[in-house]
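Some notes on the structure that comes next.
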Amino acid sequence: MKYLRNRLVFVMLALSITLAQAQTMKQYESAGDGFRVSWPGEPTVQKNTVPTDKGPFELRTYLVEVGETALYVGVCDYGSAVNDRSPDAILQGAEKGALDNVKAHIIGEHKLITLQGNKGLEFIAENDTMHFTMRIYFVAGRNTLYQTLTAAPINNQYAGAFAFMDSFELARRTQ
């Protein structure tokens, strides 16, 4: 019940934000990474290496910027390196890593969620200047972690955060 109340407050706040943030959303599909999402532009795609306690992994990031807001999808394939870990442990580690990376703290309850039968987490966090809304999913059949995130200034939160994240879905993977 508390989660629903918090989400309702965030939705109401988002609706009150200026219409200047309103954008036409277009569906984008990454066949190589196996997802679809709607966002207001063509993403910039980058590959980075991230260190973990299981060694370095390639993180592929998809980013669209709308003014001061960033809409992000991250994809990381773990392969067999995480076969000894539960999905819950993987999700908790990803959450901690995300929070540590931006030096943020959780302000909204994080909730266990699912995406097409795969476990996930949702949480809202802030640091001194930014507001983050994030969902993380672990797709066990692929041993892949998917992250969706909106990051916006605390005083100018992105009205389309939940619409963006709600549009995320898994798709057939061509790799």
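The values are calculated or read from the model by the stated rules, or taken from the named source; none is laboratory data. For clarity, every value in this text was computed on a predicted model and none was experimentally measured. We place every Cβ from the backbone using ideal geometry, glycine too, and count neighbours over all the protein chains shown.
In the set Ala140, Ala125, only one residue is under 14 Å from the mean Cα position of the chain (by Cα), farther than 19 Å from Ser30 by Cβ and of a type outside the set (Val, Ile, Thr); that residue is Ala125. Taking only the range 57-89 into account, find how many residues are farther than 13 Å from Ile136 by Cα and either of a type outside the set (Val, Ile, Thr) or in a helix (DSSP H, G or I) (or both). Qualifying residue count, the range 57-89: 21. Within the range 151-175, which residues are in contact (Cβ under 8 Å) with a residue 60 or more places away in the chain, within 20 Å of Gly34 (Cα to Cα) and out of contact with any Gly (no Cβ under 7 Å at 6 or more places or on another chain)? Across the range 151-175, the qualifying residues are Ala163, Phe164, Ser167, Phe168, Glu169.
When Asp100 is tested against the conditions (1) outside any helix (DSSP H, G or I); (2) closer than 14 Å to Phe123 by Cβ; (3) not small (Gly, Ala, Ser), the lone failure is (1). Considering the range 136-146, the residues that are surrounded by fewer than 21 Cβ atoms within 10 Å (Cβ to Cβ) and in contact with a helix residue (DSSP H, G or I) (Cβ under 8 Å, 6 or more places away or on another chain) include one that is farthest from Asp88 (Cα to Cα), namely Asn143. Please verify whether the range 97-108 includes one or more residues that are over 19 Å from Ser38 (Cβ atoms), in contact with a Phe, Trp or Tyr (Cβ under 8 Å, 6 or more places away or on another chain) and among the charged types (D, E, K, R). Checked against the condition, which is being over 19 Å from Ser38 (Cβ atoms), in contact with a Phe, Trp or Tyr (Cβ under 8 Å, 6 or more places away or on another chain) and among the charged types (D, E, K, R), the range 97-108 yields no hits at all. For the range 138-167, filtering for residues that are part of a strand (DSSP E or B) and either aromatic (Phe, Trp, Tyr) or in contact with a Cys (Cβ under 9 Å, 6 or more places away or on another chain) (or both) leaves 5.
For first residues located in the range 29-51 and of a type in the set (A, V, I, L, M) and at pLDDT 95 or above, partners that are surrounded by 13 or more Cβ atoms within 10 Å (Cβ to Cβ) and not in a strand (DSSP E or B) and lie 6+ apart or on another chain with Cβ distances below 6 Å form the pairs Val37/Ser167; Val37/Phe168.
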